[in-house]
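As structure tokens, the structure follows; a few thoughts come after it.
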Amino acid sequence: MTHLQAGLSPETLEKAKVELKENPETLHQDIQEVRDMIITRPDIGFLRTEDAFILRFLRARKFNHFEAFRLLAQYFEYRQQNLDMFKNLKATDPGIKQALKDGFPGVLSNLDRYGRKILVLFAANWDQSRYTFVDILRAILLSLESMIEDPELQVNGFILIIDWSNFTFKQASKLTPSMLRLAIEGLQDSFPARFGGIHFVNQPWYIHALYTVIRPFLKDKTRKRIFMHGNNLNSLHLLIHPEILPSELGGMMPPYDMGTWARALLDHAYDEETDYCPESYTLSVQDLERDLEKNLSPKTMKRSQSVVEPGVLKRPDKAKSDEDNMQPLLSLD
């Protein structure tokens, strides 16, 4: 094991070896091969090239050197093409701060059974009079930047749950195709994270319509990991155990405190400077994890419990990850 793998548990080391083809004996060579490709893209400013940073992209693309470099290039190219989005990218920015306080995103303290971090979004909380969809996207990207420092999450990845309860048609009308495409490019094509599943619950018909608009921009791999549960929370629980979910999602945990993750970022004044130097990434992920374990504040969003219908999804084989067992609940072809 090299120093670059020092943050991984024995179980995650084995997972990295088996699933990602990570080899400690060739790790530095793998990183250098990606770094050597930088000269092929003189149009892009690669502002971070240290070993640990490049390793994130190799893990996100299962050590395919070319795909890892392409993701690295797209990461910086996306930032060059959307400079305004990345100005003042910090938790104290007014729009980002308000989005974070409303739970965009929420981050659960418990991991799923595959070691993945769970992000939750309660769409109806979007106060369109106070911040924009771009502010929400900025808050999500900032949050992912802080969490992806954790090598365990680089290997294990993330799960995203979006609850569309009480999300109005008026709110949905603000989700233009150009905005949605911007989000897809930022999260799917330009960020070194492994998303094991994206789960929609309680989605109204107009969210299905929006999905048909964005579907052409989604990779096949992404489409296969999007699940439309409707109000059938049993099917969600087959993939994510209710023991770690808040009560709004039919889980056994208390209602989610929307400000939990916001406080974690604000308490540590986390920000991503535009020069992307290593010194900008000084937040301790362990400190953030401890903050997520704090007692919930009295200010908790009360949400009505969804109707649960009989499950329609075959229970996964526990020997495999959800990623291997997942079948879409609804095809919109």
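The values are calculated or read from the model by the stated rules, or taken from the named source; none is laboratory data. None of these values were measured; they are calculated from a predicted model. Don't worry about glycine lacking a Cβ; one is built from the backbone with ideal geometry, like all the others, and counts go over all protein chains shown. SASA here: full protein model, heavy atoms, side chains in, ligands and nucleic acids out. Shrake-Rupley method; radii C 1.70, N 1.55, O 1.52, S 1.80 Å.
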Starting from segment 168-192, keep only residues that are open to solvent by 60 Å² or more (accessible area, probe 1.4 Å), then list their pairs with residues that are of a type outside the set (Ser, Thr, Tyr) and in a loop (DSSP other than H, G, I, E, B) whose Cβ atoms are within a distance under 7 Å, requiring at least 6 positions of separation or different chains. LYS174/GLN128
Is it the case, given these coordinates, that GLU25 is of a type in the set (Asp, Glu), over 18 Å from GLY157 (Cβ atoms) and assigned to a loop (DSSP other than H, G, I, E, B)? yes
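Among the listed residues LYS90, LYS62, LYS97, identify the single one that is within 26 Å of PRO24 (Cα to Cα) and charged (D, E, K, R). Even if it seems obvious, please write down each step before you answer.
Details: LYS90 fails: within 26 Å of PRO24 (Cα to Cα); LYS97 fails: within 26 Å of PRO24 (Cα to Cα).
Every option except LYS62 fails the conditions.
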Selection within segment 103-146 - open to solvent by 10 Å² or more (accessible area, probe 1.4 Å), touching a residue at least 60 places away in the same chain (Cβ under 8 Å) and part of a helix (DSSP H, G or I): ASN125
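Just the residues that are part of a helix (DSSP H, G or I) and either over 21 Å from PHE122 (Cβ atoms) or modelled with pLDDT of 95 or more (or both), please, taken from segment 208-232. First the steps, then the outcome.
Step one: of segment 208-232, the residues part of a helix (DSSP H, G or I) are 208-217, 220-223.
THR212, VAL213, ARG215, PRO216, PHE217, ASP220, LYS221, THR222, ARG223, listed by residue number.
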Scan segment 149-160 residue by residue and report those that are open to solvent by less than 10 Å² (accessible area, probe 1.4 Å) and in contact with a Phe, Trp or Tyr (Cβ under 8 Å, 6 or more places away or on another chain). GLY157, PHE158, ILE159
Checking TYR276 against (1) in a loop (DSSP other than H, G, I, E, B); (2) buried (at least 17 other Cβ atoms within 10 Å of the Cβ); (3) modelled with pLDDT of 55 or more, the condition it does not meet: (3)
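Here's the yes/no breakdown for (1) among the small types (Gly, Ala, Ser); (2) assigned to a loop (DSSP other than H, G, I, E, B):
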{"site": "THR12", "(1), (2)": "no, no"}
{"site": "PRO42", "(1), (2)": "no, yes"}
{"site": "ALA52", "(1), (2)": "yes, no"}
{"site": "PHE63", "(1), (2)": "no, yes"}
{"site": "GLU67", "(1), (2)": "no, no"}
{"site": "ARG70", "(1), (2)": "no, no"}
{"site": "TYR75", "(1), (2)": "no, no"}
{"site": "ARG79", "(1), (2)": "no, no"}
{"site": "LEU100", "(1), (2)": "no, no"}
Name the one entry in LEU180, LEU160, LEU236 that is modelled with pLDDT of 95 or more, under 25 Å from GLN74 (Cβ atoms) and not in a loop (DSSP other than H, G, I, E, B). LEU160
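Considering only segment 93-100, I want to know if a residue exists there that is touching a helix residue (DSSP H, G or I) at 6+ places or on another chain (Cβ under 6 Å), buried (at least 22 other Cβ atoms within 10 Å of the Cβ) and over 24 Å from LEU249 (Cβ atoms). Lay out the reasoning, then the answer.
We begin by selecting, within segment 93-100, every residue touching a helix residue (DSSP H, G or I) at 6+ places or on another chain (Cβ under 6 Å); these are 95-96, 99-100.
Pick out the ones that are also buried (at least 22 other Cβ atoms within 10 Å of the Cβ) and you get 96, 99-100.
From the residues that got through so far, the ones that are over 24 Å from LEU249 (Cβ atoms) too are 96.
Yes; the residues of segment 93-100 include at least one that is touching a helix residue (DSSP H, G or I) at 6+ places or on another chain (Cβ under 6 Å), buried (at least 22 other Cβ atoms within 10 Å of the Cβ) and over 24 Å from LEU249 (Cβ atoms).
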Can you tell me which of LEU233, LEU239 is touching a strand residue (DSSP E or B) at 6+ places or on another chain (Cβ under 9 Å), open to solvent by less than 30 Å² (accessible area, probe 1.4 Å) and within 21 Å of ASN166 (Cβ to Cβ)? LEU233
With the condition kept exactly as written, say whether any residue in segment 128-145 is within 30 Å of LEU4 (Cα to Cα), of a type in the set (Asp, Glu) and under 11 Å from the mean Cα position of the chain (by Cα). yes
For LEU20, are the conditions met, namely being of a type outside the set (S, T, N, Q), in contact (Cβ under 8 Å) with a residue 12 or more places away in the chain and under 26 Å from THR222 (Cα atoms)? yes
Need the failing condition index for PHE57 against (1) among the aromatic types (Phe, Trp, Tyr); (2) over 20 Å from the mean Cα position of the chain (by Cα); (3) part of a helix (DSSP H, G or I), just the number. (2)
Scope segment 243-266; condition crowded, with 19+ Cβ neighbours inside 10 Å, part of a helix (DSSP H, G or I) and of a type outside the set (S, T, N, Q); matching residues: GLU248, LEU249, TRP261, ALA262, ALA264, LEU265
